[in-house]
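The values are calculated or read from the model by the stated rules, or taken from the named source; none is laboratory data. Only a predicted model underlies this, so the values are computations on that prediction, with no experimental measurement involved. Reconstructed Cβ throughout: ideal geometry from the backbone, glycine too, with neighbour counts over all protein chains shown. Accessible surface areas use protein heavy atoms only, side chains included; no ligands, DNA or RNA. Shrake-Rupley method; radii C 1.70, N 1.55, O 1.52, S 1.80 Å.
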Amino acid sequence: MSKELSKIYDPLQVESRWYQFWMERDFFHSEPDEREPFTIVIPPPNVTGVLHMGHMLNNTIQDVLIRKARMEGKNACWVPGTDHASIATEAKVVAMLRERGIKKSDLSREEFLKYAWEWKEKYGGIILEQLKKLGASCDWKRTRFTMEESLSEAVIDVFIDLYGKGLIYRGLRMINWDPQAKTTLSNEEVIYTEEKSQLYYVKYKLKDSEEFIAVATVRPETIMGDVAVCVNPNDERYKNWIGKTVIVPLVNREVPVIADEYVDMEFGTGALKITPAHDINDYEIGKKFDLPVIDCFNEDGTVSEAAMVFVGEDRFKARKLATKQLETDGLLIKTEDIVNKVGRSERTNAVVEPRLSLQWFVDMRKFMKKNPQVLEDVMTDELRFFPSNLKNTYKHWIDNIKDWCISRQLWWGQRIPAWYDEAGNVAVCKTHEEAVAKLGTNNVKQDEDVVDTWFSSWLWPITVFDGLKDPNNKDIRYYYPTNDLVTAPEIMFFWVMRMIMAGYEWRGEKPFKNVYYTGIVRDKLRRKMSKSLGNSPDPLELIEKYGADGVRMGMLLCSPAGNDILFDEKLCEQGRNFNNKLWNALRLVKGWEVKQGENAQNKVAIEWIESKLNQTILDIAASYKEYRLSEVLMTLYKFIWDDFCSWYLELIKPDFQQPIDSYTYRKTISVFETIMQLLHPFMPFITEEIWHELKERSEGESICISNYPIAGNVNNQLIAEAELTFDIITNIRELRAKANKKNTELVEVFYSGTEAITFTAWLEKIIKLARLSKLEASETDVAGAKTFIAKGYKFFVVTGEQADAKGETDRLKKELDYAKGFLASVEKKLSNERFVSSAPANVLEAEKRKKEDAEKKIAILEQSLAALQS
């Protein structure tokens, strides 16, 4: 390493160099051995994806956990990979083909898939390369893809296995249909938002009469599919209508008026049009009354032949046409502006269409009954959630679980292993040959659909280690169950719960021990960051501007588990400034000339910083245990900025152009080295750079595989003395500044107190740093001196200024009010039985000390006020 350190820290140059260094030496690769494993599987980003702020947060947290485990001597394995993302990827491929003048409908399945694989090979690895810029220490040799051959084979095997166990079935159900992607969506893939709509009041005339029943609907474009009008049997307004026949507008179809208590008498007119093909509740009523089903729409959302009018028009254009026709026919009574919930596809944002369809489902209730640990182990903390209150959300999902629709009308994905003969008989098996044998005919055809993407990713913690293909291979036996999963609460049901289900079904064990839920990244106005709002910065541009370490720190300073993150770019700036602070501290220390010997005056400062460092290690260990990573980082930040840089380096800094003694230098380098090791999981690049600059290293040495620090002894008395010392110095400096004292002007300070002096060892440091000519005890108050109180002592600073009795009285009163308020808050905390019973011993002891110090301060302030006013 160069002895001459650059004045400015250049993160981009440093980061690329060290990442290459780590990769060349294979530090991130793991193979089973005798060490304790520590495993994380990445939530696989979509192959369509590029790095966004959510990825930045999620993967930074994973990297912190995996880097710390690696330094602790565990066999750390972070498995990366990508998800084939059926809907999103197929949409990208279709768009690519459109640009080339090719329609999907003109291609065979095999031809389309060739284009899809071409797209995947070209664009699918972008996000993983971007993660390297962030510093992600994944085992890149273990990179997996949910549609690679062995993982796809596992999906097919699981489908066949569940079908054989009676846990998968095919049925006609009302499903969510995405007309843009032309595929089924699970309930969880539908996002409901409140939108402005209109309620249309329409006349349904009594047959052979001008009398009518008024029906309110938000969807006049589905009137052509109406097969009944339903009223509540308890509604006096419509009792005489029940059993009569009315005419459906637009198509003049005769339909009955039926009665069911499902109808809300208060909504609209209290009369409901029944359209079984386009509403789940109407479908249930239709089954109850044996009504026909008329599907008004094609799979692309255009009006079907069955509707008889507006055929081929888009559904939303049909709404306008229907409204116009109703007006022309004199059947539109009025329209009313309302706000209602509209379901949109999570992937395409298209308005979802309820549709009756023959689909494949997983029987979720039956599955849960077979595997009760899926709920039990989470609720009993056998599998821990952070934050734990999300267990209630998890339980709510399971208590209200619905069957999982797993078929998707796409080509990109694992094709459903079901085969049909001409009579519609089905055989579920792997190959055409097996199907022929099972169905007894050569004329068999495979199901055209693929399985839901989540049906492959729910196997991820198992299949990345080929645990279904080879259940006893060394990888699955060593790395499973994994340790930590870092993910978002919004996919708790999509993915987390289903992985837990899969873990118990095929391994008889939970897939991970802990789940850390991140919050949603929001801007300063609390809006979710998104491209459409234009409020989401480009993570790579942030890295270019502030460095990866700066961005990582900015993200984690504002990210308590489970809570939303209010991201502000200023936090990244704070991270960059922290980088500069560390670099300047290095330049200061490495710039000292070293002379053999030991300066006895530095002994107290060295013992204090070592003790404070040990206390910091203990504090962050407690925070790590509860996955309070932002607290860990903030604790380190404060220790480094305040204790190490602001106080310790000033305490031991030699006089101008004087050397530092070798003992102090060695101890300082040792502390600096430990600090870098503690900080490394959060800020890997600058810590590696500084660690190498601190002293000579052997070839191939790296901080990322160095031993994580272990706490030594903590001298609480020394720490308390140091706090008092710094309080004294700070107060004297403030009074000097108010008196406009130059640094060369020394002042006298006296102190009095009812107890023995507890800062004797620090006297020389106080005199030096506060620029004093004298620091002595005094049994009486010093006339004309400025005063302040620290712990149980009263200090008199002789600045030469005439004392302002009124100003001093006002200041003391203000300080007394604050001290009383502070004491009240501490007493309230100590009177809280829950706090006292749950707080760690050191925290409780600290609060008791605060109470004692506040009481002493109040007593001295009251005495001082009384003396001034006498």
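When the Cα positions of 759, 841, 230 are compared along the charge dipole of the chain, 759 comes out farthest toward the positive end, with charges on each C-beta of Lys, Arg, Asp and Glu. A straight Cα-to-Cα reach below 20 Å connects residue 103 with the lysines 92, 114, 120, 182, residues fewer than 8 places away in its own chain not being considered.
Overall form of the stretch 193-278: oblate. Here a/c, set by the Cα gyration tensor axes a ≥ b ≥ c, is 1.5 or more, and a/b is not larger than b/c. For the chain, a simple Cβ point-charge model (Lys and Arg +1, Asp and Glu -1, everything else neutral) yields a dipole of about 1300 debye relative to the Cα centre.
Of all beta bridges that DSSP places with both ends in the stretch 677-805, some 70 percent have antiparallel geometry.
Starting from the Kirkwood radius over alpha-carbon pairs of the stretch 432-550, derive D by Stokes-Einstein at 10 °C in a medium of 1.306 mPa s and give it in µm² s⁻¹.
Numbers: Rh = 18.4 Å.
My calculation gives 86 µm²/s for D.
About its Cα centre, the stretch 135-282 has a charge dipole of approximately 280 debye under the convention of +1 per Lys or Arg Cβ and -1 per Asp or Glu Cβ, with nothing else charged. Relative to its residue count, the stretch 457-522 spans a Cα convex hull of 75 Å³ per residue.
Can you give the helix-only mean residue ellipticity at 222 nm for the chain, where every DSSP H stretch with n ≥ 4 adds -39500 (n - 2.57) and the sum goes over all residues, rounded to the nearest 500 deg cm²/dmol? Can you show the working numbers first?
Details: 29 runs with 363 residues, N = 870.
One gets -13000 deg cm²/dmol as the mean residue ellipticity at 222 nm.
Among the GluC sites (Glu not before Pro) within the stretch 174-221, those in coil by DSSP and having at most 10 neighbouring Cβ atoms inside 10 Å are 210. Using just the C-alpha positions of the stretch 622-680 as equal point scatterers, what log10 of I(q)/I(0) does the Debye formula give at each q in 0.16 1/Å? Summing over Cα pairs of the stretch 622-680 leads to -0.60. Just so you know, the averaged projected area of the alpha carbon convex hull for the stretch 504-555 sits at 6.3 nm².
Which percent, to the nearest 5, of DSSP beta bridges fully inside the chain are antiparallel? Display every interim value, and only then the final one.
Values: 66 of 94 bridges.
That works out to approximately 70 percent antiparallel.
With the Cα gyration tensor of the stretch 272-348 giving a ≥ b ≥ c as the square roots of its eigenvalues, does the rule (a/c under 1.5 for rounded; else a/b larger than b/c for prolate; else oblate) give rounded, prolate or oblate?
rounded
Over the C-alpha trace of the stretch 395-460, radius of gyration and Dmax come out as 15.0, 48 angstrom. Dipole orientation for the chain: of the candidates 479, 620, 318, 620 has the Cα lying most toward the positive pole (charges on Cβ; Lys, Arg +1; Asp, Glu -1). Straight-line reach from residue 510: which aspartates and glutamates have Cα under 17 Å away, leaving out those fewer than 8 places along the same chain? Of all the aspartates and glutamates, those that pass the test against residue 510 - Cα under 17 Å, at least 8 places apart if same chain - are 376, 377, 381, 382, 466, 475, 484.
The ratio of the alpha-carbon radius of gyration of the stretch 699-792 to the globular-protein estimate 2.2 N^0.38 Å is 1.52. Applying Stokes-Einstein at 20 °C and 1.002 mPa s to the Kirkwood radius of the chain, computed over alpha-carbon pairs, gives a translational diffusion coefficient of 65 µm² s⁻¹. Note on the stretch 240-375: the alpha carbon radius of gyration divided by the globular reference 2.2 N^0.38 Å gives 1.30. Angle, helix 805-830 long axis vs. longest principal axis of the chain, Cα atoms, 0 to 90°, nearest 10? Helix 805-830 and the main axis of the chain meet at about 50 degrees. In terms of its alpha-carbon gyration tensor, the stretch 185-229 comes out prolate; a/c meets the 1.5 threshold, and the first ratio a/b outweighs b/c.
Scan the stretch 21-112 for GluC sites (Glu not before Pro) in coil per DSSP, keeping those whose Cβ has at most 10 other Cβ atoms within 10 Å, and list them by number.
Details: sites: 24, 34, 72, 90, 99, 110, 111; in loops: 34, 72.
Filter output for the stretch 21-112: 34.
Rg/Rh for the stretch 78-153: what does it come to with C-alpha atoms and Rh from Kirkwood?
Rg/Rh: 1.05.
With a 1.4 Å probe and every protein chain kept in, tell me what percent of the accessible surface of the chain is carbon plus sulfur. If you can, show how the numbers build up before the last one.
Values: 19300 of 40070 Å².
Roughly 48 percent, rounded to a whole number.
Before I look further, what does the stretch 365-493 give for accessible area per residue, probe 1.4 Å, in whole square angstrom? That works out to 43 Å² for each residue. Between the helical axis of 841-869 and the longest alpha-carbon principal axis of the chain there is an angle of about 50 degrees.
Which translational diffusion coefficient, to the nearest whole µm²/s, is obtained for the stretch 163-318 from the Stokes-Einstein equation, given a Kirkwood hydrodynamic radius over C-alpha pairs, 37 °C and 0.692 mPa s?
Numbers: Rh = 17.0 Å.
Here the translational diffusion coefficient equals 194 µm²/s.
With 28 Å as the limit, the listed pairs 205/324; 570/857; 590/612; 774/857 have 570/857 beyond it between alpha carbons. Once the convex hull of all Cα atoms in the stretch 783-862 is built, its volume per residue stands at 80 Å³. Divided by 2.2 N^0.38 Å, where N counts the residues, the Cα radius of gyration of the stretch 344-451 comes to 1.47.
The charge dipole of the stretch 810-870, taken about its Cα centre with unit charges on the Cβ atoms of Lys, Arg (+1), Asp and Glu (-1) only, comes to about 100 debye. Note the angle between two axes, namely the Cα long axis of helix 569-590 and the longest principal axis of the Cα atoms of the chain, as a number of degrees from 0 to 90, rounded to the nearest 10. The angle comes out at about 30 degrees.
Going toward the positive end of the dipole of the chain, with +1 on Lys and Arg Cβ and -1 on Asp and Glu Cβ, which of 77, 488, 646 do you reach last? Of the options given, the answer is 646.
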